[in-house]
Amino acid sequence: MVSQLFSRQRFWRKQELSSYYDIVIIGGGVHGLSTAYYLAKFDKDLKVAVMDKSYLGAGASGRNTAIIRANYLTPEGIAFMNASLKLYEQLSGELGLNLLFSQIGRLDIGHTESTLFWLRQRSEYNQLMGVESNLITPDEVKAIVPEIDLREGKPFPIMGALHHPPAGVARHDAVVWGYARGADRNGVELHPFTEVIGITKEGRRVTGVDTSKGRVKAGLVVSATAGWTSTIARMIDIDVPILTYPLQAFVTEPLKPMIDTTISSGELHTYIYQTERGELVIGGGVDHYPTYSHKSTLHMLEELATNAIRLLPQLRGAKVLRQWTGICDMTPDYAPIIGPVDGVDNFMLNCGWGTWGFKAAPISGKTTAELILTGKVPELIEPFDLNRFYEGRLINERAAAIAAAIH
Amino acid sequence: MALLIECPNCGSRDVHEFRHGGEISDLSERKGISDSDLELTKYFYFARNNAGDSKEWWYHSFGCRQWFVAYRNTVSDQIRETEWPEKRLDS
């Protein structure tokens with residue numbers, strides 16, 4: 001028995017590529033895998049394959065800073081992200097894997113009167129929709145984060161904060177692995193290192209994909225490729241309102257426990273939290289021009305470090321352990337795009353995750369699976385169709401990534 | 001990241017002196033589009049966002065304040081060539 005507990009088991013099987021699948025999902029990141037997981041959970045007879053050009057979770061799924069929250073600004077965004085947060089609360093149990101999800105809360109710091117007004121607006125919207133979210137005073141901020149620099153008269157003084165207790169962080173790789181294992185157990189085939197290089201079409205109907213391992217026929221093709229969505233869109237000759245921007249973050253060496261919440265400042269474009277290992281994770285805004293390059297820059301490191309020290313002066317001597325970059329599919333209104341595309345049959349988009357994708361993965365996969373299986377658009381994702389850009393129904397979710405999104 | 005950009009006026013300068021002004025593609029061409037909602041929204045929001053060669057506007061905001069055209073590979077982030085947009089203005 002004990003030896004069984006410690007026996008090594010693969011999380012998912014190695015599979016040979018078949019010539020046909022009911023559904024091919026391009027992109028083995030957290031959105032593609034959660035879509036596959038829920039598809040197979042709801043309908044075990046479906047033949048589903050997930051393909052990725054690299055290893056599973058190689059893209060933004062393994063590069064994000066793992067924050068989960070629902071204190072958004074628009075009714076569409078709040079409802080969607082809150083549903084995702086609720087799924088995260090149950091997800092370790094559902095997947096049978098400890099995702100290290102800890103609800104350490106969230107402080108959105110305001111440094112000016114106008115930001116406080118905006119944070120107040122958000123707290124009212126949040127409360128109206130049943131999301132715990134309160135405007136708190138600098139002294140209350142100090143009670144939660146004793147290390148915060150409250151000195152008056154300094155640049156960017158702290159005038160208050162939006163406190164969102166249910167927010168949390170999770171081990172992002174574990175979410176990828178958990179969904180991958182769950183999908184595999186329900187019969188989904190996972191094909192890492194299988195790059196989709198083309199999409200086959202007959203008239204307006206998508207019929208399959210060309211991969212680096214050969215041609216595969218498919219009843220439905222779902223693109224869940226985030227930063228690479230424009231490349232997929234080119235394959236079937238559709239236009240998408242996406243620009244690909246790099247997003248950088250870094251961690252310090254492990255330090256003694258000093259903050260047990262996540263802190264974000266929209267004006268400084270910087271956010272901070274401390275991991276269980278003691279490293280401080282510090283992230284910020286996207287780079288100032290779009291690129292697919294994954295190179296990290298000294299400029300961004302200096303900017304983020306400067307701003308982090310403005311919030312927590314004790315970090316002045318901390319050493320940087322590592323810095324990394326992921327690429328983000330930014331939409332003009334900071335909201336995702338989920339659903340079919342006019343003029344193309346048997347194809348579905350799941351993209352526009354910009355800098356806000358990790359927290360949305362469970363509900364994104366679940367609603368996308370529901371949409372595929374029922375043919376009816378679930379209410380939660382109704383506002384996120386591609387046609388909103390043609391029809392002027394933009395969402396303007398400015399709270400999607402207040403610290404991160406400034407493109 | 002292309003750390004240096006060759007401004008046609010000032011020569012090689014740090015990328016942070018410049019502002020990216022968007023791609024120049026069939027989707028961003030203003031000429032010839034009608035004022036129908038469809039074409040206008042396409043012009044405003046949609047982009048080729050090519051992974052590879054890209055022709056785009058750059059602005060030397062902390063320098064000579066001139067707009068110019070750059071040919072950049074968006075994957076390697078190398079800028080192959082920069083030039084004045086004269087041809088575009090003439091046509």
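Among (1) closer than 20 Å to A:I78 by Cβ; (2) in contact with a strand residue (DSSP E or B) (Cβ under 6 Å, 6 or more places away or on another chain); (3) not polar (S, T, N, Q), which single condition is A:L386 missing? Only one criterion is unmet by A:L386, namely (1). Taken over the range A:96-122, the criterion of being more than 14 Å from A:S133 (Cα to Cα), open to solvent by less than 10 Å² (accessible area, probe 1.4 Å) and among the aliphatic types (A, V, I, L, M) is satisfied by A:L99 alone. Just so you know, in the range B:1-28 the residues that are polar (S, T, N, Q) and within 14 Å of chain A (Cβ to nearest Cβ) include one that is least open to solvent (accessible area, probe 1.4 Å), and it is B:S25. Being touching a strand residue (DSSP E or B) at 6+ places or on another chain (Cβ under 6 Å), closer than 25 Å to A:G227 by Cα and in a helix (DSSP H, G or I) holds for only one residue in A:A79, A:A36, A:A49, and it is A:A36. Selection of the range B:39-60 for residues being farther than 25 Å from B:E86 by Cα and at the interface with another protein chain (Cβ under 7 Å from one of its Cβ atoms) yields B:T41, B:K42, B:Y45, B:F46, B:A51. With respect to B:E81, is the statement that it is away from chain A (no Cβ under 14 Å), in contact with an Asp or Glu (Cβ under 9 Å, 6 or more places away or on another chain), over 18 Å from A:I242 (Cα atoms) and acidic (D, E) true? Yes, satisfied. Here is the figure for the range B:29-59: residues that are touching a helix residue (DSSP H, G or I) at 6+ places or on another chain (Cβ under 6 Å) and surrounded by 16 or more Cβ atoms within 10 Å (Cβ to Cβ) total 4. Suppose the filter is farther than 30 Å from A:I148 by Cβ and of a type in the set (A, V, I, L, M); does A:L373 pass it? Spelling it out, A:L373 is indeed farther than 30 Å from A:I148 by Cβ and of a type in the set (A, V, I, L, M). Highlighted here are the strands (runs of 3 or more DSSP E) found entirely within the range A:295-357 that include at least 3 residues which are more than 26 Å from A:G208 (Cβ to Cβ) and touching a Gly at 6+ places or on another chain (Cβ under 9 Å): A:320-330. Residue check: A:P290 meets all listed conditions (1) buried (at least 21 other Cβ atoms within 10 Å of the Cβ); (2) touching a helix residue (DSSP H, G or I) at 6+ places or on another chain (Cβ under 8 Å); (3) assigned to a loop (DSSP other than H, G, I, E, B) but one, namely (2). Name the residues in the range A:173-197 that are touching a strand residue (DSSP E or B) at 6+ places or on another chain (Cβ under 7 Å) and either assigned to a loop (DSSP other than H, G, I, E, B) or exposed (fewer than 15 other Cβ atoms within 10 Å of the Cβ) (or both), would you? Once the filter is applied, which keeps residues that are touching a strand residue (DSSP E or B) at 6+ places or on another chain (Cβ under 7 Å) and either assigned to a loop (DSSP other than H, G, I, E, B) or exposed (fewer than 15 other Cβ atoms within 10 Å of the Cβ) (or both), the range A:173-197 yields A:V188, A:T194, A:E195, A:I197. Looking across A:R181, A:R185, one residue alone is free of Cβ contacts under 8 Å to residues at least 12 places away in the same chain, under 12 Å from A:L95 (Cβ atoms) and among the basic types (K, R). It is A:R185.
Any residue in the range A:201-214 that's closer than 18 Å to A:M51 by Cβ: show its pairings with residues that are in a strand (DSSP E or B) and of a type in the set (S, T, N, Q) at Cβ separation under 6 Å, as long as the two are six or more apart or on different chains. Close Cβ pairs satisfying both conditions: A:V206/A:N346; A:T207/A:T200; A:G208/A:T200.
Scanning the range A:3-59 for residues that are among the aliphatic types (A, V, I, L, M) and over 18 Å from A:A174 (Cβ atoms) turns up A:L5, A:L17, A:I23, A:V24, A:I25, A:I26, A:L39, A:A40, A:L46, A:V48, A:A49, A:M51. Does A:S265 qualify as being of a type in the set (S, T, N, Q), touching a residue at least 24 places away in the same chain (Cβ under 8 Å) and closer than 22 Å to A:I104 by Cα? So A:S265 fits the description; yes.
Residues of the range A:347-390 being buried (at least 19 other Cβ atoms within 10 Å of the Cβ), over 20 Å from the mean Cα position of the chain (by Cα) and more than 27 Å from B:D37 (Cβ to Cβ), which ones? A:I372 - this is the single residue of the range A:347-390 that is buried (at least 19 other Cβ atoms within 10 Å of the Cβ), over 20 Å from the mean Cα position of the chain (by Cα) and more than 27 Å from B:D37 (Cβ to Cβ).
Applying the criterion of being of a type in the set (S, T, Y) and over 29 Å from A:I327 (Cβ atoms) to the residues of the range B:25-50, the residue that is modelled with the lowest pLDDT is B:S34. For the residues A:A233, A:A226, the requirement of being within 14 Å of chain B (Cβ to nearest Cβ), open to solvent by 10 Å² or more (accessible area, probe 1.4 Å) and within 29 Å of A:Y390 (Cβ to Cβ) singles out A:A226.
Reported count of residues in the range A:293-312, each being open to solvent by less than 10 Å² (accessible area, probe 1.4 Å) and more than 14 Å from chain B (Cβ to nearest Cβ), is 4.
Scanning the range B:75-82 for any residue that is more than 30 Å from A:Y390 (Cα to Cα), at pLDDT below 95, acidic (D, E) and surrounded by 14 or more Cβ atoms within 10 Å (Cβ to Cβ) turns up at least one such residue.
Set side by side, the residues A:L135, A:L85, A:L95, A:L150 differ, and just one is outside the structural domain of A:K366 (by TED's automatic domain parsing), of a type in the set (A, V, I, L, M) and modelled with pLDDT under 95, which is A:L150.
The values are calculated or read from the model by the stated rules, or taken from the named source; none is laboratory data. Predicted, not measured: the structure shown is a model, and the values here were computed from it. With ideal geometry, Cβ positions are generated from the backbone for all residues, glycine too; neighbour counts draw on all protein chains shown. Heads up: the accessible areas ignore ligands, DNA and RNA and are worked out on the full protein's heavy atoms, side chains in. Shrake-Rupley method; radii C 1.70, N 1.55, O 1.52, S 1.80 Å.
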